[in-house]
Amino acid sequence: MAVSDPVRVRIAPSPTGFAHLGTASTALYNVLFARQTGGTFVLRIDDTDMERNRPEYEALIYESLRWLSLGWDEGPDKGGPHAPYRQSERVDVYKEEAARLIQQGKAYRCYCTPEELEAERRQAQAEKRAYRYSRRCLTNPPEGRSVFAVRFKVPGGEVTFADMVRGEMRFDAGLIGDFIIVKSDGYPTYQFASPVDDARMEITHVIRGEEHLSNTPYQLMLVDALGYPRPHAYAHMPLILAHDGSKLSKRKHPEANLILFRDQGYLPEALINYLALLGWNPGTEQEIFSFDELVRAFSFERVQHGGARFDWEKLNWINGEYIRGLSDEELARRLKSFLPQLDEDVVRRAIPPLRTRMYKLAQAVDYLDYLWTDPPTPSLDAETVERVKAAIDALKDVPWEAEAIESALENAVASSGVGKGKFYTPLRDTLTGKKVSLPIHYTLELLPKDEALKRLERAA
Ligand code: GLU
């Protein structure tokens, strides 16, 4: 490919489970690079695993990338000059390409059964040598069989390529055995479909997770064998690890599930900011970056080589910063879907005390659910009951707004002989059923006055 070719990058997620955090991270780096270079970002759906693909998983990929505003220029839903963008709709292309390789003697049919291959593997193990396919079907294919896979005849030698993160990479292809490119069901393997599509879709830079680093020599040998120009460069981005340093698993780690961040009320722009910093270091103290700032600052040279540990504390801090930075109006708009039970006006009034106490929007529900549920009435001792009665007296004739409530209560505290903590705790318990709430005057004000007094009277 000529260096002057316009940049084209892609992600190729597989719709085999819920959308993964790693997909967002890879998409982000692709988008940043595309925006820096005026390039094109392609979304290709890697759905050749017919047993595990589900349309609802594909829909989740679209939904979560859209939520993050990581939009694509070409894709299954948008079309483009290289349509179709779903690999399951491109099977004829892979078949033709495999046939071409067979015809040129660069690939061959393999009729070995799984049992035969397993026996070869065990033999190698017993002899303590690294396993590589024996090439039996290249030199001496069994007769009378009709079920076959297609194997690539690995040419050997050294495969080198430029990695924008790691520099020049070298692999000894002599260690790689002839591998399968088309399975016996006629579907291509990832190792085959991916470089074929990257080439035909004119992808100039392949930016993907580090777990694919060892796949690159396989894929480059295929690109060369098919006579396609190679991409200019690769970038293998650090793997996101769980907070405990283990591999992120969809089953064990909630942070693997991208949509969970939306459901918990992480702001998409905060998650983007966090994900950028997770694998990349700006080289300055700056931690809060708008998307445009990221586009300007990002570079592959400052991407770390080792795995990147997910850090909830840092994400929570960044998200809190973004929440505090929203206007009242915008914060109310974003809270709406978390608080469907509340009128807009109540949400607006709750914002001043909420804003500084939340690091994610779902926390608003914990603070405010007393407004639509009726907490159990606590049983209080006689002395406490007297103080609740004093509070009722102080509040009865007060105009129902936070400041007036606050000063009425402060007067009541002053004449009660106990401290604020002791005075307010049973009130909080009575009104909300919880140990933690917004400041007591807001807690009261957000309830309709008659309801607030009713709860207090019930406890008294
Ligand atoms: N379907 C592969 C994945 O999601 C694509 C890898 C690649 O980018 O080549 O990991």
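Of all residue pairs spaced 6 or more apart or on separate chains, those with beta-carbon atoms under 8 Å, a first member in the range 203-224 that is over 22 Å from residue 37 (Cβ atoms) and aromatic (Phe, Trp, Tyr) and a second member that is open to solvent by 10 Å² or more (accessible area, probe 1.4 Å) and in a helix (DSSP H, G or I) are 218/191.
Residues that are free of Cβ contacts under 8 Å to residues at least 40 places away in the same chain and of a type in the set (Phe, Trp, Tyr) number at least 1 in the following helices (runs of 4 or more DSSP H) confined to the range 377-460: 420-432. Just checking, does the range 271-291 include any residue being within 16 Å of the ligand (Cβ to nearest atom), of a type outside the set (A, V, I, L, M, F, W, C) and open to solvent by less than 30 Å² (accessible area, probe 1.4 Å)? The answer is yes, given that some residue of the range 271-291 is within 16 Å of the ligand (Cβ to nearest atom), of a type outside the set (A, V, I, L, M, F, W, C) and open to solvent by less than 30 Å² (accessible area, probe 1.4 Å).
Among the residues of the range 213-255, those identified as open to solvent by less than 20 Å² (accessible area, probe 1.4 Å), in a helix (DSSP H, G or I), modelled with pLDDT of 95 or more and not β-branched (Val, Ile, Thr) are 217, 219, 220, 221, 222, 225, 226. If the condition is being within 21 Å of residue 448 (Cα to Cα) and either part of a helix (DSSP H, G or I) or within 25 Å of the chain's Cα centre (by Cα) (or both), then the range 336-346 contributes 336, 338, 339, 344, 345, 346. Among the conditions (1) open to solvent by less than 60 Å² (accessible area, probe 1.4 Å); (2) within 15 Å of the ligand (Cβ to nearest atom); (3) part of a loop (DSSP other than H, G, I, E, B), residue 84 misses just one, which is (2). Under the condition of being more than 41 Å from the chain's Cα centre (by Cα) and surrounded by fewer than 18 Cβ atoms within 10 Å (Cβ to Cβ), the residues counted in the range 417-452 number 9. Every test in (1) within 13 Å of the ligand (Cβ to nearest atom); (2) modelled with pLDDT under 95 is passed by residue 210 save one, and that test is (2). Taking residue 166, is it open to solvent by 20 Å² or more (accessible area, probe 1.4 Å) and of a type in the set (Lys, Arg)? It is true that residue 166 is open to solvent by 20 Å² or more (accessible area, probe 1.4 Å) and of a type in the set (Lys, Arg). Note on the range 360-376: among residues that are among the aromatic types (Phe, Trp, Tyr) and in a helix (DSSP H, G or I), the one that is nearest to the chain's Cα centre (by Cα) is 367.
Restricting the range 184-207 to residues that are open to solvent by 50 Å² or more (accessible area, probe 1.4 Å) and part of a helix (DSSP H, G or I) leaves a set whose member that is farthest from the ligand (Cβ to nearest atom) is 200.
Only a single item in (1) within 15 Å of the ligand (Cβ to nearest atom); (2) open to solvent by 20 Å² or more (accessible area, probe 1.4 Å) is not met by residue 55, and it is number (1).
Let's see how each residue does on (1) of a type in the set (Phe, Trp, Tyr); (2) within 18 Å of the chain's Cα centre (by Cα):
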site: 23; (1), (2): no, yes
site: 27; (1), (2): no, yes
site: 35; (1), (2): no, no
site: 40; (1), (2): no, no
site: 44; (1), (2): no, yes
site: 49; (1), (2): no, no
site: 57; (1), (2): yes, yes
site: 61; (1), (2): no, yes
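Note on the range 29-56: residues that are assigned to a helix (DSSP H, G or I) and among the basic types (Lys, Arg) total 1. Here residue 34 meets each of (1) within 29 Å of residue 303 (Cα to Cα); (2) surrounded by 22 or more Cβ atoms within 10 Å (Cβ to Cβ); (3) within 12 Å of the ligand (Cβ to nearest atom) with one exception, condition (3).
Taking the criterion of being more than 23 Å from residue 248 (Cα to Cα) and either of a type in the set (A, V, I, L, M, F, W, C) or within 11 Å of the ligand (Cβ to nearest atom) (or both), the residues of the range 6-30 that qualify are 7, 9.
Among the residues that make up the range 306-321, is at least one of them out of contact with any strand residue (DSSP E or B) (no Cβ under 8 Å at 6 or more places or on another chain), open to solvent by 80 Å² or more (accessible area, probe 1.4 Å) and in a helix (DSSP H, G or I)? Within the range 306-321, one or more residues are out of contact with any strand residue (DSSP E or B) (no Cβ under 8 Å at 6 or more places or on another chain), open to solvent by 80 Å² or more (accessible area, probe 1.4 Å) and in a helix (DSSP H, G or I).
When each of 324, 349, 357, 333 is tested for being of a type in the set (D, E, K, R), open to solvent by 70 Å² or more (accessible area, probe 1.4 Å) and in a loop (DSSP other than H, G, I, E, B), the lone residue that passes is 357. Pairing each residue of the range 139-168 that is at positive phi with any residue that is open to solvent by less than 80 Å² (accessible area, probe 1.4 Å) and not hydrophobic (A, V, I, L, M, F, W, C), provided the two are 6+ apart or on different chains, yields C-beta distances under 8 Å for 156/174; 157/174. Take the conditions (1) assigned to a loop (DSSP other than H, G, I, E, B); (2) more than 16 Å from the ligand (Cβ to nearest atom); (3) open to solvent by less than 70 Å² (accessible area, probe 1.4 Å); residue 144 misses just one of them, which is (3). Checked against the criteria, residue 310 counts as touching an Asp or Glu at 6+ places or on another chain (Cβ under 6 Å) and farther than 29 Å from residue 433 by Cβ.
The values are calculated or read from the model by the stated rules, or taken from the named source; none is laboratory data. Keep in mind the model is a prediction, meaning the values are calculated, not measured. Note: ideal-geometry Cβ built from the backbone for every residue, glycine included; neighbour counts use all protein chains shown. Ligands, DNA and RNA are excluded from the accessible area calculation, which covers all protein heavy atoms including side chains. Shrake-Rupley method; radii C 1.70, N 1.55, O 1.52, S 1.80 Å.
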